[in-house]
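The values are calculated or read from the model by the stated rules, or taken from the named source; none is laboratory data. None of these values were measured; they are calculated from a predicted model. A quick note on method: Cβ atoms are made from the backbone with ideal geometry, for glycine too, and the neighbour counts reach across all protein chains shown. Note: accessible area is taken over every heavy atom of the protein model, side chains too, but ligands, DNA and RNA are not part of it. Shrake-Rupley method; radii C 1.70, N 1.55, O 1.52, S 1.80 Å.
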Amino acid sequence: MEKVLIIGAGLSGAVIARYLAEKGQQVDIWEKRSHIAGNMYDYEDDHGFLVQKYGPHTFHTKKRELYEYMCRYEDWQDYKLTCGAVWDGKYTPTPFNFTTIDTFYPEEKAEELKKHLLLAFKGRSTATVVEVLGNEDPLVRKYAEFLFRNDYAPYTAKQWGVSPEEIDPSVLARVPLRFSYDVGYFDDPYQVMPVHSFTSFFENLLHHSNIHVELGQDALKQLEIKDNQVTVDGRPFAGLVIYTGPIDELFHLQYGKLPYRSLKFEWKYSDKDSVQNAPVVAYPQEKGFTRITEYKKLPMQDKPGSSYALEYPLPYEEGKDMEPYYPVLTKESQEQYAKYKELADQVPHLICCGRLADFKYYNMDQALERALDICQKL
């Protein structure tokens with residue numbers, strides 16, 4: 001059987017590699033970084049805390065089959081992520097709920113606003129900020145404007161480097177408003193963290209005699225597309241290629257650079273047993289950084305002190321020591337991506353897959369589902 005070459009040992013590449021290996025294919029994985037697991041990579045820091053190098057991840061999904069897939073390669077524990085935001089010196093849970101209203105409004109006004117929200121969105125437990133901003137009730141609309149002004153707008157400007165008006169509405173819709181006192185970032189029935197680690201999950205997933213992983217291997221120094229043909233070291237490659245990196249870089253930025261956001265992390269340790277109210281807290285008014293993740297609480301780790309990281313978003317620049325994390329989804333960038341996809345579709349035996357190659361803002365379960373869909377087609 002012909003060899004398969006997979007570029008990237010993150011979730012998309014690893015899932016497809018395992019599927020093909022079990023079908024008897026010989027699979028080579030080239031990973032640019034010095035480790036497997038992509039952005040889900042975690043490790044024990046100098047203080048004995050399990051931390052995530054590339055920002056906070058939890059696995060959550062509405063689909064039982066995706067949860068069951070994850071259970072094949074690791075043991076999982078229930079974990080309901082709680083998040084918050086701080087502005088004007090006050091903490092509120094996110095997604096924003098009735099506690100938010102009680103925190104920022106006088107009692108009488110708070111009660112009136114809650115009644116108006118329940119009436120405006122009768123029978124619903126949540127709505128997006130875009131919907132609430134567009135509501136005809138002036139009191140409801142004013143509340144959305146208050147949240148937008150103090151949280152969504154400044155956070156979006158820092159996180160994405162563009163104004164909220166330019167961002168695809170799907171990004172703003174990721175964090176809804178709750179019309180209750182319910183807390184918890186997600187409503188999915190399956191919300192878990194690994195008992196051991198995400199890296200352990202990947203080690204088990206890639207543990208197969210037909211899978212060979214090469215770390216520190218920058219594929220684009222050897223792999224090229226010439227005349228709709230994949231070449232490796234200048235020679236045509238006859239096998240299947242799964243590419244999970246930035247699609248624009250695969251085609252030498254032919255239609256210009258797709259916009260991605262990167263992150264810089266400032267790692268800290270405190271002797272305090274807790275540094276903030278929730279594992280992940282946004283700070284929309286702070287200069288530079290967007291949020292702090294307290295890894296002691298992700299998952300809960302029973303030891304003194306606490307390790308945490310501040311996140312500073314910045315534009316991704318190819319060739320610098322940074323990673324492309326988030327595709328900046330605007331009308332223009334999606335039209336630009338469509339041109340790259342058209343190029344990729346013309347190359348036989350090339351499949352582009354994953355957050356960077358698909359230029360999509362995938363959650364972990366969405367990336368898994370996309371990879372499993374590719375497996376079915378293969």
Trypsin sites (Lys or Arg not before Pro) within the range 9-98, DSSP loop, no more than 15 other Cβ atoms inside 10 Å: Lys23, Lys62, Lys63, Arg72, Lys80
Dipole check, the chain, charges on Cβ (K,R +1; D,E -1), about Cα centroid: among Met300, Ser333, Val230 the Cα furthest to the positive pole belongs to Ser333
Which one, Phe289, Leu113, Gly84, is farthest towards the positive end of the dipole of the chain when Lys and Arg carry +1 and Asp and Glu -1 on their Cβ? Leu113
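Please go through the range 1-108 and write out the GluC sites (Glu not before Pro) that DSSP classes as loop and that have at most 16 other C-beta atoms within 10 Å.
Answer in residue order: Glu2.
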Accessible area per residue for the range 1-63 in Å², computed with a 1.4 Å probe and the full protein assembly in place, what is it? 39 Å²
In whole Å, how far is the Cα centre of the range 38-113 from that of the range 208-241? 38 Å
With all protein chains present, how much of the accessible area of the range 104-242 (probe radius 1.4 Å) comes from carbon and sulfur, to the nearest whole percent? 51 percent
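Between Glu166 and Asp302, what FRET efficiency follows from the Cβ-Cβ distance if R0 is 35 Å, with the result rounded to 0.05?
The pair Glu166/Asp302 has a calculated efficiency of 0.20.
Of all DSSP beta bridges in the chain, what percent run antiparallel (nearest 5)?
On the way: 42 of 61 bridges.
Rounded to the nearest five, the antiparallel share is 70 percent.
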Once the Cβ-Cβ distance between Arg235 and Met322 is put in as r, and R0 is 35 Å, what FRET efficiency do you end up with, to the nearest 0.05? 0.65
Check cross-link reach from Lys23 to the lysines: straight Cα distance under 17 Å, and skip same-chain residues fewer than eight apart. Lys3, Lys377
Compute the normalised compactness of the range 100-164: alpha-carbon radius of gyration over 2.2 N^0.38 Å, N being the residue count. 1.19
Beyond a 26 Å Cα-Cα separation, which of these cross-linked pairs lie in this structure: Lys80/Lys268; Lys63/Lys320; Lys226/Lys341? Lys63/Lys320
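With a Förster radius of 51 Å, plug the Cβ-Cβ distance of Lys90 and Lys23 into 1/(1 + (r/R0)^6) and report the FRET value to the nearest 0.05.
Using R0 = 51 Å, I get an efficiency of 0.40.
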In nm, what is the difference between 0.36 nm times the number of residues separating Asp46 and Lys115 and their Cα-Cα distance? 19.8 nm
Simple SL model, points at 7 angstrom along Cα→Cβ for Leu220 and Lys360; separation in nm is 2.2 nm
Report, in degrees rounded to the nearest 10, the 0 to 90 angle that the Cα long axis of helix 331-345 makes with the longest principal axis of the chain. 20 degrees
